[in-house]
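Down below is the structure, laid out as structure tokens.
Only the coordinates and a few stated rules stand behind these numbers; no lab work does. On a predicted model such as this, the values are computed, not experimentally measured, just so you know. Every residue, glycine among them, receives a Cβ derived from its backbone with ideal geometry; neighbour counts consider all protein chains shown.
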Amino acid sequence: MPSLPCAELHLHIEGTLEPDLIFALAARNGIDLPYADTADLAARYAFTDLQSFLDLYYANMDVLRTEEDFADMTRAYLRRAAAAGVRHAEIMMDPQAHLARGVALETCVNGVAGALATSEAEFGVSTALIAAFLRDRPATEALGVLQNLLAMDAPIIGIGLDSAEVGYPPSLFAEVYDRARGAGLKCIAHAGEEGPPAYIWEALDVLRVDRLDHGIRCMEDEALVERLVLDRVPLTVCPLSNVRLRAVDTLPAHPLPEMLARGLNVSVNSDDPAYFGGYVDDNFTALGKAFGLGADQLATLAGNSFRSAFLDAGRRAALL
Ligand code: HPA
Ligand code: ZN
């Protein structure tokens, strides 16, 4: 079956680091990995919650040292995404995760951005870059990194908020979001993946986000669902991620069909495809098996992805 053309709006570039590339970069950089081989590493991808994933996700990033490492990772994702049907990708990166390891901001940003710059010509995938801040680190640190990104004129279109959610409500980052919006950046945030509906309200009312990542726990709050439907707030849903991180018990128990039926503006995305069992095409295939999605539902999901992207009118018209 040919892949459904879509935009990927929820993708952590560091979460595309496949086991074979982790080993190749470790060899190139003279790093000893604590795994016997790629099978030994992949066998550790049995997560119990978000934190159990994040521990491995941050540990594996240690193989990313040079601009070339970041560019190679990004190019590998773009090649695979093109095969998955992705025509436009809005890609998050976690600068603080690299700064904390002593990797310069210029190294990680220029490495990822360099690969994105040739993506449309090379892979037919237009792209945009979003700097995500780690909510389990201080907001003052995020503010400093934002200022440095602006000072270096980094080619970012927006900011996001990720990492461990519970205990780190969006309102902690109000000043960061005000500053970003003032600089003309788009604002997105993870909310309602593991965290309660109250965090989604805060992302909307305090951070004033243009788009929400995950947001699946909105289904526990009827007034919130009505608000999201009324404002057509895009929700970037990641079904295989939700199952792997136990945010939902099983794929057949996933709220996506109910979210669609309620008129929520949902799209399908892969989050951290190297860790969660697949790219966006794999997510669509798994959804098809679990729910037998019809042509109209698939068209809605793909259309939502293009309409929810931060695209210029010309490219959007070409893709829709
Ligand atoms: N949730 C929160 N933070 C993240 C994720 C996620 O799924 N992936 C990478 N950082
Ligand atoms: Zn995510």
With only Lys, Arg, Asp and Glu charged, each at its Cβ (+1 for the first two, -1 for the last two), find how big the charge dipole of region 210-320 is about the Cα centre; round to the nearest 20 debye.
220
Along Cα→Cβ, 7 Å out, is where each label goes; now give me the distance between the ones at residue 68 and residue 101 in nm to one decimal.
1.7
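Please give the FRET efficiency for residue 205 paired with residue 20, using the beta carbon to beta carbon distance and R0 = 30 Å, rounded to the nearest 0.05.
Values: r = 44 Å, r/R0 = 1.46.
In this case the efficiency is close to 0.10.
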Label region 26-171 by shape, choosing from rounded, prolate and oblate, from the square roots a ≥ b ≥ c of the eigenvalues of the Cα gyration tensor; if a/c is under 1.5 it is rounded, and otherwise prolate applies when a/b is larger than b/c, oblate when it is not.
rounded
Summing Lys, Arg as +1 and Asp, Glu as -1, what charge do residues with Cβ under 10 Å from the Cβ of residue 201 carry, residue 201 excluded?
-2
Given the options 291, 133, 306, which has the most mean-square fluctuation in a GNM of the chain, springs set between C-alpha atoms less than 10 angstrom apart?
291
Using alpha-carbon positions, what is the distance between the centroids of region 187-221 and region 223-249, in Å?
9
By the C-alpha gyration tensor axes a ≥ b ≥ c (rounded if a/c is under 1.5, else prolate when a/b exceeds b/c, else oblate), the shape of the chain is rounded
For the chain, built as a Gaussian network whose Cα springs stay under 10 Å, the top-fluctuating residue of 229, 125, 266
229
Which listed residue (291, 260, 177) has the Cα farthest towards the positive end of the charge dipole for region 6-309, taking +1 on Lys and Arg C-beta and -1 on Asp and Glu C-beta about the Cα centre?
260
Would you tally the net charge around residue 108, using a Cβ to Cβ cut-off of less than 11 Å, leaving residue 108 out, and scoring K and R as +1, D and E as -1?
-3
By the gyration tensor of its Cα atoms, with a ≥ b ≥ c the square roots of the eigenvalues, what is the shape of region 1-42: rounded for a/c under 1.5, prolate for a/b over b/c, or oblate?
prolate
Which listed residue (275, 92, 66) has the Cα farthest towards the positive end of the charge dipole for region 6-309, taking +1 on Lys and Arg C-beta and -1 on Asp and Glu C-beta about the Cα centre?
92
For residue 246, put the label point 7 Å out on the Cα→Cβ axis and report which residues of region 54-74 keep their amide N under 19 Å from it.
54-58
In the neighborhood of residue 309, defined by Cβ-to-Cβ distances under 15 Å, what is the net charge if each Lys or Arg adds +1 and each Asp or Glu adds -1?
+1
Expected max-MSF residue from 267, 126, 171 in the GNM of the chain (alpha carbon, under 10 Å) is 171
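In debye to the nearest 20, how big a dipole does the chain give about its Cα centre with +1 on each Lys and Arg Cβ and -1 on each Asp and Glu Cβ? Write out the running numbers ahead of the final one.
Working: 25 positive and 45 negative charges, 148 e Å.
I would put it at about 720 debye.
Rank these for me by crowding, 3, 305, going from fewest to most other beta carbons within 10 Å. Let's see the in-between values first.
On the way: 3 17, 305 29.
The order, fewest Cβ neighbours first, is 3, 305.
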C-alpha center-to-center spacing [region 22-41, region 42-103] in angstrom:
15
So, with points 7 Å from each Cα along the Cβ direction, the residue 183-residue 42 label distance in nm works out to 4.0
